Amino acid sequence: MADATLQHDAVAVHGVTGEYEAPLFGAYSKKVGMWLFLASDSLTFGALLFAFSYNRIYTAWPTPFGKDSIINATVMTACLLSSSLTMVMAVFAAQRHDRAWTRNWLLATMAFGTAFIVLHGMEWTKLIHEGLTLPGFPKPAGASEGEFAKISTGVPQFAATFFGLTAMHMLHVTIGVIYLGVVALRKWFLPILGALWLAGFLLIPSDNVFHYGVHALLIGLIVASIILFLKPKDYDAHDVEVSGLYWHFVDLVWMFIFPLVYLMSTKV
Amino acid sequence: MHDVATHDDSKGQYFWVWGALLVLTGIEVWLGYRQIFEPVRMLEALLVLSVIKSALIIAYFMHLKFEKPLMRWLLVVSVTSCFVIMYFFFFPDAGRIVHLGVR
């Protein structure tokens, strides 16, 4: 059925009749492209997770995450899982050609994703102020010299793997939120993204890592502007489905990071 | 074009999958606090649960279950093969460096 529909679309677009070769995978090309990208990206995360597991097994690994960190990470996990459900609803709405609900479900997905980023940002800020820093990076003024500070000097792999893995994932979530924003709101999203970047830069204190990290939004704004102005289009159900693949992948990766990074380092 | 709405997609099954994922997350947190296994066994137990969760996400949320068998198998086999190579070749080799005394 999918092949027949593809042939029909080809005729509609090119205005010619005739036989078209059925696609090898029975799917449109950008969907296959996204799957290939996700397969390659999974190897990036796979390498990072293997490096973490290696360090976890062969090093006297600290277990510093208290109840508040675990509760926070569990809520973050619930946010991502719920965002995947709203993303599925967005795909269904797009296939019904229900533009209003497609946008609403996409915005709900973005809200869950943003909640994840904010909670994670708060967690990072708390840990950094408790002394967890990368080797060579300055400690913020007033940072504690407690357990996390000792871990940073005694087991530098802990901070390196924690910040490396979670930063890589947080970047993916941020890109995902921007991607969904572009699909949901198109050019209307650009001023919102610009305002978020400016507000973040002005309101986050300069000794906070996210004072500089928020520039990822500026880069996203530039890239999204180039795409939207060079190739303006009305994103259809297939675009929503492909963006959903990316979003679910971000969710999937967290299903490994959460147990390995947090639960394997739980303070009992 | 290929349209996922043409599959047997009742919305209820996605809520079930979402619920199952939340329950599995709860089990992971419980295991994390109970510490009933030594670290290596714990790592294996959590990884098994993570693989089950990721399989649910890939099969249902990402709709791979409903794709053509060729695409489904090609993706699963190729990615799994890469991880197997990482596990059986790179992982022991990293341990070998420690035993050789490289600091």
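What helices does chain B have that are whole DSSP H segments, at least 15 Å long along their own axis by Cα, and with mean Kyte-Doolittle hydropathy of 1.0 or more? Spell out each step's value before the answer.
Details: long enough: B:11-34 (35 Å, 0.58); B:39-56 (26 Å, 1.47); B:69-85 (23 Å, 1.80).
Those that pass (Cα extent of 15 Å or more, hydropathy at least 1.0) are B:39-56, B:69-85.
Taking θ as phi - 60°, what are the ³J(HN,Hα) couplings along region A:240-255 by the Karplus curve (6.51, -1.76, 1.60), each to the nearest whole Hz, with x for Gly and Pro?
5, 5, 5, 5, x, 4, 4, 5, 5, 5, 4, 4, 4, 4, 5, 5
Using only Cα atoms, tell me the angle between helix A:2-14 and the longest principal axis of chain A; keep it within 0 to 90° and round to the nearest 10.
70
Note the angle between two axes, namely the Cα long axis of helix A:29-58 and the longest principal axis of the Cα atoms of chain A, as a number of degrees from 0 to 90, rounded to the nearest 10.
Between helix and principal axis, roughly 20 degrees.
Determine, from the Cβ-Cβ distance of B:Tyr33 and A:Ile222 and an R0 of 45 Å, the FRET efficiency 1/(1 + (r/R0)^6), rounded to the nearest 0.05. Mind showing how you got there, number by number?
On the way: r = 44 Å, r/R0 = 0.99.
Taking R0 as 45 Å, the efficiency between B:Tyr33 and A:Ile222 is 0.50.
Convert each backbone phi in region A:135-141 into a coupling constant with the Karplus relation 6.51 cos²θ - 1.76 cosθ + 1.60 (shift: θ = phi - 60°), then list the ³J(HN,Hα) values in order as whole Hz, x for Gly and Pro.
Once θ is set to phi - 60°, the couplings for region A:135-141 become x, x, 8, x, 7, x, 4 Hz.
So who's got an amide H within less than 5 Å of the one on A:Val209, skipping anything under 5 residues away but keeping other chains? H placed 1.01 Å off N, in plane.
Sorted by chain and number, the residues that satisfy this come to none at all.
Hey, how many Å between the Cα centroid of region A:54-107 and the Cα centroid of region A:209-237?
With region A:54-107 and region A:209-237 each reduced to a Cα centre, they are spaced 22 Å.
Could you order the peptides A:217-228, A:168-179, A:238-249 from most to least packed, using the average number of other C-beta atoms within 10 Å per residue?
The most tightly packed comes first, giving A:238-249, A:168-179, A:217-228.
Hey, if you put +1 on the Cβ of every Lys and Arg and -1 on every Asp and Glu Cβ in the protein assembly as shown, which of B:Trp30, A:Ile175, B:Val79 ends up farthest toward the positive end of that dipole?
Value: B:Trp30.
What number, rounded to the nearest 500 deg cm²/dmol, is the helix-based mean residue ellipticity at 222 nm of chain B, given -39500 (n - 2.57) per DSSP H run of at least four residues and division by all its residues?
Values: 4 runs with 69 residues, N = 103.
When only DSSP H runs of four or more count, the value is -22500 deg cm²/dmol.
Apply the Karplus parameterisation 6.51 cos²θ - 1.76 cosθ + 1.60, with θ equal to phi minus 60°, to every residue of region A:174-182 and state each ³J(HN,Hα) to the nearest whole Hz, in sequence, with x for glycine and proline.
4, 4, x, 5, 5, 4, 5, x, 5
Please state the charge dipole magnitude for chain B, taken about the Cα centre, from unit charges on C-beta atoms (+1 on K and R, -1 on D and E), reported in debye and rounded to the nearest 20.
Values: 9 positive and 8 negative charges, 48 e Å.
Result for chain B is approximately 240 debye, rounded to the nearest 20.
Evaluate peptide B:59-68: per residue, the Cβ atoms of other protein chains within 10 Å of its Cβ; return the mean as an integer. Intermediate results must be reported in sequence, preceding the final value.
Numbers: counts 0, 3, 13, 15, 8, 3, 0, 1, 7, 7.
Mean shielding count: 6.
Round to the nearest 0.05 the FRET efficiency obtained for A:Arg186 and A:Lys267 when R0 = 56 Å and r is the Cβ-Cβ distance.
Values: r = 46 Å, r/R0 = 0.83.
Efficiency, from the Cβ-Cβ distance: 0.75.
A:Lys67: which lysines have alpha carbons under 25 Å from its alpha carbon, excluding same-chain residues fewer than 8 sequence positions away?
A:Lys126, A:Lys139, A:Lys150, A:Lys267, B:Lys53
Which Cα, out of A:Tyr28, A:Trp247, A:His129, lies furthest along the positive dipole direction of the protein assembly as shown (beta carbon charges, K/R +1, D/E -1)?
Of A:Tyr28, A:Trp247, A:His129, it is A:His129.
How far apart, in nm, are the 7 Å Cα→Cβ label points at A:Arg96 and A:Phe137?
4.5
For region A:27-265, give the magnitude of the charge dipole about the Cα centre (Cβ charges: +1 Lys/Arg, -1 Asp/Glu; no others), in debye to the nearest 20. Spell out each step's value before the answer.
Working: 14 positive and 13 negative charges, 93 e Å.
Using only the charged Cβ atoms, the result is roughly 440 debye.
With a ≥ b ≥ c taken as the square roots of the eigenvalues of the C-alpha gyration tensor of region B:45-86, please select rounded if a/c is under 1.5 and otherwise prolate if a/b is larger than b/c or oblate if it is not? All intermediate terms of the calculation are to be shown ahead of the outcome.
On the way: a/c = 3.66, a/b = 1.19, b/c = 3.09.
Cα axes put region B:45-86 in the oblate bin.
Can you pull the mean other chain C-beta count within 10 Å for peptide B:34-44?
Numbers: counts 2, 4, 0, 0, 0, 5, 3, 0, 5, 7, 0.
Counting other chains' Cβ atoms within 10 Å and averaging over B:34-44 gives 2.
Which whole-number percentage describes the relative contact order of chain A, with Cα contacts under 8 Å and a sequence gap of 6 or more?
Details: 262 pairs, mean separation 69.5, N = 268.
Once normalised by length, the contact order is 26 percent.
Once you average over the residues of A:238-249, how many Cβ atoms of partner chains fall within 10 Å of each Cβ? Show your work: numbers first, answer last.
Details: counts 4, 0, 0, 7, 0, 0, 4, 5, 1, 2, 8, 5.
Averaged over the peptide's residues, the number is 3.
Measure off 7 Å from each Cα along the Cα-to-Cβ vector at A:Ala111 and A:Ile175, then give the distance between these two points in nanometres to one decimal.
According to this spin-label approximation, the distance is 2.7 nm.
Per residue, what volume in Å³ does the convex hull of the Cα atoms of chain A enclose? Provide the component values of the computation, followed by the final result.
Working: hull volume 38.7 nm³, N = 268.
That works out to 144 Å³ per residue.
Bear in mind these aren't lab numbers, they're just calculated from the coordinates by the rules spelled out. This structure is a prediction, so every number in the text was calculated from the model and none was measured. We place every Cβ from the backbone using ideal geometry, glycine too, and count neighbours over all the protein chains shown.
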